[in-house]
Structures are given as C-alpha cells and as structure tokens.
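Notes follow once the structure below has been shown.
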Amino acid sequence: MRVLSGIQPTGRFHWGNYFGAIQQYINLQGDPSKAFYFIANLHALTTVRDPERMRQNIRDAALDLLGLGLDPEKATLFVQSDVPEVSQLTWLLTTLTPMGLMERCHAYKEKKARGLTADLGLFSYPVLMAADILIYDSDIVPVGEDQLQHIEVARDLAGSFNHLYGECFVLPKGKVLDSSAKVPGTDGEKMSKSYGNTIDCFEDLKGQRKKIMRIATDSRPMEDPKDPETDGLFQLYSNFATPEQKEEMAAIYRKGGFGYGLVKKELADRAEEFFADARKRREDFAANYDYVKQILAEGAARARQKAAEVLLRAEIACGIRN
C-alpha cells in the first residue's frame with residue numbers, strides 16, 4: 001500500500017501546516033518504497049511567479065520537512081518537477097477530461113473569488129494533481145476534507161481511462177486528515193498564509209515570542225472564569241501541552257483571576273520546547289545542504305523509476321507507444 005502526498009512551497013510552514021497535515025504525514029512514513037512525499041513546485045507556479053522566491057521556497061520546504069521529522073530512511077522525498085513523467089501523464093489525462101468536471105471544482109471557484117488570476121493553470125491543476133496521484137500507483141492520499149473532491153477527480157479520470165483503454169490505473173482512496181487539532185491564527189481566525197495570521201514553525205524565537213504576545217484576546221475582566229474550550233489561545237496552547245499541562249491550564253481558565261499574558265508566556269515556552277529538536281535538525285541539514293540535495297536526487301530517482309513504469313503502461317494502453 002503506497003501513501004502519497006504533496007505540499008506546495010508557497011512560503012514557510014506554520015503551526016497550522018504542521019498540526020493540520022505535516023505531523024500526520026510523518027506518522028504515516030515507514031518504508032521509502034511505500035511513502036512518497038513531494039514538494040509541489042509545479043502547482044505553486046499558479047501563485048509564485050518570482051523565480052528566486054520559488055528556488056528559496058523549495059529549499060526551505062525541503063529543510064523544514066526534514067527538520068520536522070520526515071526521514072529519508074522511511075520515506076521518499078522529492079521535488080515534483082524532477083519527475084517529468086508527471087507532466088507527460090497530465091496531457092494524456094487532459095485529453096479525456098470533461099470541461100464540466102473542471103468547472104465544478106470548488107478550489108478553482110474559491111481562488112477566483114479571492115481575486116487570483118483565472119488562468120488555465122489554476123483551472124486545470126486538478127488534472128496535474130490526478131497525474132501526481134496516479135503515476136505512482138498510489139493507494140492512499142492523505143488530504144484535508146476540502147481536497148477530497150480532487151481525489152474524486154483522480155478516480156473519475158482513472159476510471160474513464162481504464163474504461164477506454166483497459167485496466168491501467170489504481171483507483172486511489174482519500175484519507176481525510178484528522179481535523180481535531182485546532183490551530184487558530186494570531187487574529188483568532190483559522191491560521192492561514194492568505195489571512196496573514198501565521199506563526200512559522202522555525203520562526204526566529206524572539207520574533208515568535210513577540211507574535212505570541214500580540215495574539216488577539218477578548219476583553220473580559222481578569223477575575224471572570226472563562227471556558228477554555230471556546231478560547232483560541234487555549235486551543236493553540238493545547239497543541240503543545242501535555243495532557244497534564246492542558247488540564248492544569250483549563251482549571252486556571254475555569255477558576256478565573258488570571259491575565260492572558262500568563263497563557264501567552266506558557267504557550268511561547270511550550271512551543272519553543274516542542275520544536276527545539278526539530279530546529280536543531282533543520283540547522284544541521286542547512287549546514288550540509290549538499291546532503292539535502294542528495295536526498296532529493298535519490299528520492300526523485302526512486303519516484304521516476306515508478307513513474308516511468310506507470311507512464312509506459314498508459315502510453316502502450318492508449319496506443320502512442322508500442
């Protein structure tokens with residue numbers, strides 16, 4: 001059973017990325033031939049148009065993922081564009097993709113509504129995503145609930161291809177990531193780059209602490225008891241605290257008579273402690289980036305071996321290769 005997931009290099013990874021997805025990707029690794037993770041730079045081209053920024057984002061994404069615990073002995077890590085077979089398969093799938101299917105994809109409509117340019121790349125990127133999935137004979141694709149539609153697109157296109165040309169592609173299944181981790185941003189909304197309310201996993205510690213101390217809170221008097229379960233600051237703290245620490249803090253909330261500054265200081269301390277080992281790993285990888293490039297090259301070679309096998313199978317099936 002092969003697990004596959006990609007993450008776009010559109011900026012540094014923040015707490016929401018980690019608790020919402022990356023932590024769960026890392027928990028699913030175990031065998032490099034069964035766990036494929038890629039840096040989705042072709043997808044990022046729909047939003048990142050500065051080449052130097054793109055190069056830096058790819059570098060940062062690799063360092064961040066390795067620092068956070070992705071282990072090249074347990075997973076295959078590579079850059080999407082280093083597997084050109086994906087782009088070749090994208091065209092094969094595009095030739096049988098109904099326009100109506102693309103028009104119904106909610107991610108396109110949502111991004112267009114946010115003011116992003118409605119170019120063909122943004123419109124058709126679910127086909128590229130389908131190629132990403134199908135070209136490795138992926139069985140399981142961990143995604144957020146909002147991405148499940150794209151897994152269905154991959155299944156639809158695989159099914160259409162198989163119907164026309166005979167059994168060729170594995171039909172993947174989406175695995176909805178655990179959404180129990182609540183990661184509000186500094187303004188109380190969901191932590192997201194698009195909202196400008198993020199705290200990065202490897203942010204400068206002094207700057208990180210300043211951001212935490214500026215997190216928006218309500219104006220209730222200090223003496224009032226407060227419900228921890230409805231408080232964004234407590235939800236953030238809960239991601240880093242042990243069960244005992246979480247219960248102690250919840251008791252303080254229910255009792256009242258405290259200032260939010262106390263919680264923010266505890267949050268800053270717990271977050272620093274939580275990512276300390278990851279920070280050290282990232283620094284070590286950054287100091288030996290040639291080794292990181294070797295990891296990515298070896299990952300791409302392993303991914304290309306599988307991709308070439310599946311692409312050849314598809315090309316023979318549809319008659320463009322003997």
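The values are calculated or read from the model by the stated rules, or taken from the named source; none is laboratory data. Just so it is clear, the model here is predicted, and its values are computed rather than measured. Cβ placement follows ideal geometry from the backbone for every residue including glycine, while neighbour counts extend to all protein chains displayed. Side chains are part of the model used for accessible areas, which takes the heavy atoms of the whole protein and leaves out ligands, DNA and RNA. Shrake-Rupley method; radii C 1.70, N 1.55, O 1.52, S 1.80 Å.
Summary table below
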item	result
Out of L4, L28, sole residue that is under 27 Å from V170 (Cβ atoms), touching a strand residue (DSSP E or B) at 6+ places or on another chain (Cβ under 6 Å) and open to solvent by 30 Å² or more (accessible area, probe 1.4 Å)	L28
Test: residue in region 72-90 that is open to solvent by 20 Å² or more (accessible area, probe 1.4 Å) and within 21 Å of K173 (Cα to Cα)	yes
Residue in region 37-52 that is surrounded by fewer than 20 Cβ atoms within 10 Å (Cβ to Cβ), under 23 Å from C201 (Cα atoms) and not β-branched (V, I, T) present	yes
Test: residue in region 114-131 that is among the polar types (S, T, N, Q) and in contact (Cβ under 8 Å) with a residue 12 or more places away in the chain	yes
Failed item, numbered, when A286 is tested on (1) at pLDDT 95 or above; (2) open to solvent by less than 60 Å² (accessible area, probe 1.4 Å); (3) closer than 30 Å to D227 by Cβ	(3)
Condition met for E272 (closer than 23 Å to R209 by Cβ and open to solvent by 20 Å² or more (accessible area, probe 1.4 Å))	yes
Entirely in region 80-141, the helices (runs of 4 or more DSSP H) that have 3 or more residues that are of a type in the set (V, I, T)	85-94
Scan of region 127-149 for residues that are at pLDDT 95 or above and either under 18 Å from L45 (Cβ atoms) or exposed (fewer than 13 other Cβ atoms within 10 Å of the Cβ) (or both), ordered by number	V127, L128, M129, A130, A131, D132
Verdict on I58 being modelled with pLDDT of 95 or more and of a type in the set (V, I, T)	yes
Selection within region 1-55 - of a type in the set (G, A, S) and in contact with an Asp or Glu (Cβ under 7 Å, 6 or more places away or on another chain)	G6
Test result for Y195, open to solvent by less than 30 Å² (accessible area, probe 1.4 Å) and among the hydroxyl-bearing types (S, T, Y)	no
Close pairs (7 angstrom Cβ cut-off, 6 or more residues apart or separate chains): on the phi > 0 side of the Ramachandran plot in region 143-160, in a helix (DSSP H, G or I) and buried (at least 16 other Cβ atoms within 10 Å of the Cβ) anywhere	none
Unique residue being part of a helix (DSSP H, G or I) and over 22 Å from the mean Cα position of the chain (by Cα) when the list is E315, E298	E315
Among (1) crowded, with 16+ Cβ neighbours inside 10 Å; (2) within 23 Å of N57 (Cβ to Cβ) - the single one Y291 does not satisfy	(1)
Residues within region 150-180 that are aliphatic (A, V, I, L, M) and open to solvent by 10 Å² or more (accessible area, probe 1.4 Å), tallied	5
Among (1) under 27 Å from I22 (Cα atoms); (2) loosely packed, with under 13 Cβ neighbours inside 10 Å, the one test that D218 misses	(1)
Residue that is surrounded by the most Cβ atoms within 10 Å (Cβ to Cβ) [pool: residues in region 225-244 that are over 22 Å from M191 (Cα atoms) and touching a helix residue (DSSP H, G or I) at 6+ places or on another chain (Cβ under 7 Å)]	K226
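Residues checked against (1) free of Cβ contacts under 8 Å to residues at least 24 places away in the same chain; (2) charged (D, E, K, R); (3) within 28 Å of R12 (Cβ to Cβ):
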position	(1), (2), (3)
K211	no, yes, yes
S219	yes, no, no
P228	no, no, no
L233	no, no, yes
Q245	no, no, yes
A251	yes, no, no
G256	no, no, no
